[in-house]
Amino acid sequence: MLIAGNWKMNTDVPEGRALANDIATGLSERPDAFADIDVLVCPSFVHLPAVSDALADAPVAVGAQDMHAEDAGAHTGDVSAPMLTSIGCDAVILGHSERREYYNETDADVNRKVKQARTHDLVPIVCVGESLQQRQAGNAASVVTQQVEGALSGVSIADASELVVAYEPIWAIGTGESAAPEQAQEMHAVIRDNLAERYGADVAADIPLLYGGSMKPHNAHGLLSQPDIDGGLIGSASLAADSFLGIADEAVHVRQEEPA
Ligand code: PGA
């Protein structure tokens with residue numbers, strides 16, 4: 001189970017450092033509970049050194065929210081994979097719907113970034129998800145399948161084994177209206193099947209599929225209990241240690257309820 005926070009463009013650096021410290025403190029108060037749960041935070045680029053430093057002794061990985069597909073060059077305002085790894089970044093969110101919508105990122109762009117991330121040993125967290133209009137038109141599964149296929153075109157089995165996919169229906173992001181657990185499970189099963197066709201059932205079974213979109217402590221249990229939901233990508237609820245760790249607590253409960 002992976003509980004990942006996407007801080008988006010929130011908090012200044014001292015606030016981000018304080019949030020990271022609160023998360024580290026919360027985890028240190030109940031170390032055994034989280035033994036089976038992976039925790040990741042993805043702050044903005046400017047936070048990464050301070051947050052990595054604050055979490056250096058905590059069982060929390062640190063990721064970025066985007067990166068450029070090339071190593072270096074004349075790309076004003078961009079950040080490269082080698083820059084991220086040089087400050088100890090472990091993962092990078094790619095193809096978030098906000099990047100697709102506001103920066104016109106295409107599946108081909110996401111695909112280049114996925115390959116670049118793997119070249120530099122970063123775990124890509126590939127975001128996919130349909131709009132409300134696409135869902136209402138009955139196209140949710142086909143839209144998401146196309147995004148998965150586009151993002152992973154030419155990605156090897158070895159690299160797929162180091163991949164995370166996040167299903168984030170656009171209509172659920174930041175709206176307070178999460179997908180119903182069954183709705184989310186249905187889409188996660190579509191994604192799992194697609195990965196199984198591409199990489200085989202065993203590899204597909206081990207690729208963590210995160211749900212994202214208004215996941216909160218009160219709805220996390222129902223979502224995380226679904227067979228193909230392996231964690232959460234959490235936006236607004238990741239901006240306070242209480243709610244973020246509240247979701248991680250729910251992940252612990254779900255794990256404890258699983259048959260041995
Ligand atoms: P939200 O954001 O939890 O605030 O809905 C999730 C995301 O966009 O990753």
Quick check on the range 116-129. Is at least one of its residues in a helix (DSSP H, G or I), without any contact (Cβ under 8 Å) to a residue 12 or more places away in the chain and surrounded by 17 or more Cβ atoms within 10 Å (Cβ to Cβ)? no
Restricted to the range 192-220, and to residues that are within 16 Å of the ligand (Cβ to nearest atom) and hydrophobic (A, V, I, L, M, F, W, C), which residue is surrounded by the most Cβ atoms within 10 Å (Cβ to Cβ)? MET215
Say whether the condition of being under 15 Å from GLY213 (Cα atoms), open to solvent by 20 Å² or more (accessible area, probe 1.4 Å), part of a loop (DSSP other than H, G, I, E, B) and within 16 Å of the ligand (Cβ to nearest atom) is met by at least one residue in the range 165-172. no
Criterion violated by GLY246 - all others in (1) within 16 Å of the ligand (Cβ to nearest atom); (2) under 17 Å from the mean Cα position of the chain (by Cα); (3) without any contact (Cβ under 8 Å) to a residue 60 or more places away in the chain satisfied: (2)
Tell me which residues, restricted to the range 173-191, are loosely packed, with under 15 Cβ neighbours inside 10 Å and outside any helix (DSSP H, G or I). GLY174, THR175, GLY176, GLU177, ALA180
Residue among GLN147, GLN183, GLN134 that is touching a strand residue (DSSP E or B) at 6+ places or on another chain (Cβ under 9 Å) and not aliphatic (A, V, I, L, M): GLN147
Which residue pairs have Cβ atoms closer than 9 Å, lie 6 or more positions apart in sequence or on different chains, and pair a first residue in the range 214-240 that is basic (Lys, Arg) with a second residue that is within 12 Å of the ligand (Cβ to nearest atom)? LYS216/GLY176; LYS216/SER178; LYS216/ILE234; LYS216/SER236; LYS216/ALA237; LYS216/SER243; LYS216/ILE247
Go over the candidates ALA24, ALA72, ALA61, ALA117 one by one and state the one that is among the small types (Gly, Ala, Ser), modelled with pLDDT of 95 or more and over 19 Å from LEU233 (Cα atoms). ALA72
Just name the residue that is farthest from the ligand (Cβ to nearest atom) out of those in the range 227-243 that are open to solvent by 40 Å² or more (accessible area, probe 1.4 Å) and over 17 Å from the mean Cα position of the chain (by Cα). PRO227
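The values are calculated or read from the model by the stated rules, or taken from the named source; none is laboratory data. Just so we're clear, the structure is a prediction, and the values are computed from it rather than from any experiment. Note that each Cβ is placed from the backbone with ideal geometry, even for glycine, and that neighbours are counted across all protein chains shown. Only protein heavy atoms, including side chains, enter the accessible area calculation; ligands, DNA and RNA are left aside. Shrake-Rupley method; radii C 1.70, N 1.55, O 1.52, S 1.80 Å.
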